[in-house]
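Below: one structure, written as structure tokens.
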Amino acid sequence: MGLLSVARGMQSGLLAKAESASVLTFQQWAKQNGFERCGVFRSRNGLMLLECAYGVDAQSVFRSISTQDFWNGSVHSDTWVTIDRESPNFTAFTQFLGPEAREKTRAFRILKINDGQELIVFFQYSYTPAGFLNAKENFKQELLEVTRCHKQSLLAEPTSELVDALSKKGCVRLFLISTKRALEDCSSKIEVCESTLLKMLVNTVFEELFYKTKKLFSSPALIYSIDPDEIKVASIVNSETEDEILKEQLSIEYADLIGNEAANKIIILTAGYSNDNEEILDYLLRG
């Protein structure tokens with residue numbers, strides 16, 4: 001297709017396992033460790049909510065608001081805790097799942113971590129009773145490293161060197177993927193007491209969207225965002241007719257996360273073509 005690199009086994013851009021966890025996004029790290037659906041609860045504005053997520057649908061992200069008292073009262077160990085449908089407190093954790101995930105989930109695996117004075121909760125759920133892989137011995141250390149560097153790794157700014165590598169491949173097309181209507185659609189029915197909290201949760205969903213978007217482009221394409229309503233793209237493409245192919249692929253990628261109706265509301269806006277490295281970099285970085 002030229003524009004898209006649809007990863008099905010090995011995804012473009014993933015770093016070798018031997019490299020430090022500090023260069024991985026949370027999504028890359030989770031995928032490498034075989035965690036299909038997981039997230040990290042952290043304290044924000046006095047409440048606990050999912051700050052990082054992988055494979056977690058938007059409705060589950062929006063239901064993640066909780067308290068430290070809940071986690072301290074329901075998880076009494078600082079080691080791995082597995083909760084299945086036979087456990088008496090199973091339903092206490094299904095409140096954090098959207099309707100579809102709640103119906104399908106057969107077990108949870110939870111780990112509380114105290115990072116100094118801060119409580120962090122790694123939350124994993126599976127659609128099969130025995131769907132959890134063994135975690136590494138250095139799991140806690142890696143998780144803390146990844147969460148500290150996640151945003152920097154996911155939303156790393158394009159550099160002049162990367163733009164030069166791209167422009168040497170040919171004429172670069174600049175365009176924008178607008179996620180504004182899609183995110184508004186999937187969050188419109190959510191009742192959150194504070195707009196600040198809702199914004200944080202939308203950012204968590206957007207980061208999953210951004211990760212899914214990057215998977216569809218082959219290197220050296222550049223994808224960047226400074227606004228959760230839009231994703232800037234600089235890529236070598238054959239023609240604007242490939243927009244429909246891109247939109248279809250993005251809709252497929254987004255559907256499990258935000259639902260089919262919201263996924264169909266993405267918009268692709270053209271910004272033109274360029275061979276000027278400074279112009280390309282300026283387009284990607286400007287607000």
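The values are calculated or read from the model by the stated rules, or taken from the named source; none is laboratory data. Computed from a predicted structure; not experimentally measured. With ideal geometry, Cβ positions are generated from the backbone for all residues, glycine too; neighbour counts draw on all protein chains shown. For accessibility, only protein heavy atoms count, side chains too; no ligands or nucleic acids. Shrake-Rupley method; radii C 1.70, N 1.55, O 1.52, S 1.80 Å.
Of the labelled options [x] 30, 23, 17; [y] 35, 20, 17; [z] 30, 25, 22, which one gives semi-axes √(5λ) of the Cα gyration tensor in Å as computed for this structure?
After the calculation, the listed value that fits is [y].
Take the range 229-287, drop everything but the C-alpha atoms, weight them equally and run the Debye formula without solvent; then report log10 I(q)/I(0) at 0.12, 0.13, 0.24 Å⁻¹ to two decimals.
Relative scattering, expressed as log10 I(q)/I(0), comes to -0.36, -0.42, -1.04.
Once neighbouring chains are kept in place and the probe is 1.4 Å, which whole percent of the accessible area of the range 68-116 is contributed by carbon and sulfur?
Heavy-atom surface of the range 68-116 belonging to carbon and sulfur, 1.4 Å probe: 44 percent.
Nothing charged except the Cβ atoms of Lys and Arg (+1) and of Asp and Glu (-1): what's the magnitude of the dipole of the chain about its Cα centre? Round to the nearest 20 debye.
Once rounded to the nearest 20, the dipole reads 640 debye.
Specify the residue with the greatest mean-square fluctuation among Gln141, Gln117, Gln27, computed from a Gaussian network of the chain linking alpha-carbon atoms under 10 Å apart.
Comparing Gln141, Gln117, Gln27 in a Gaussian network model of the chain, the most mobile one is Gln117.
Normalised by the number of residues in the chain, what is the relative contact order in percent for Cα pairs under 8 Å and 6+ residues apart?
That works out to 24 percent.
How much accessible area per residue does the chain have, counting only protein heavy atoms and a probe of 1.4 Å, in square angstrom?
Per-residue value: 48 Å².
Taking Lys247 as the anchor, which lysines have their alpha carbon closer than 22 Å to its alpha carbon, excluding any fewer than eight residues away along the same chain?
The qualifying lysines are Lys180, Lys212, Lys214, Lys215, Lys232, Lys265.
Mind jotting down the distance between the C-alpha centroids of the range 200-265 and the range 72-134, whole Å?
Computed from Cα coordinates, the inter-centre distance equals 30 Å.
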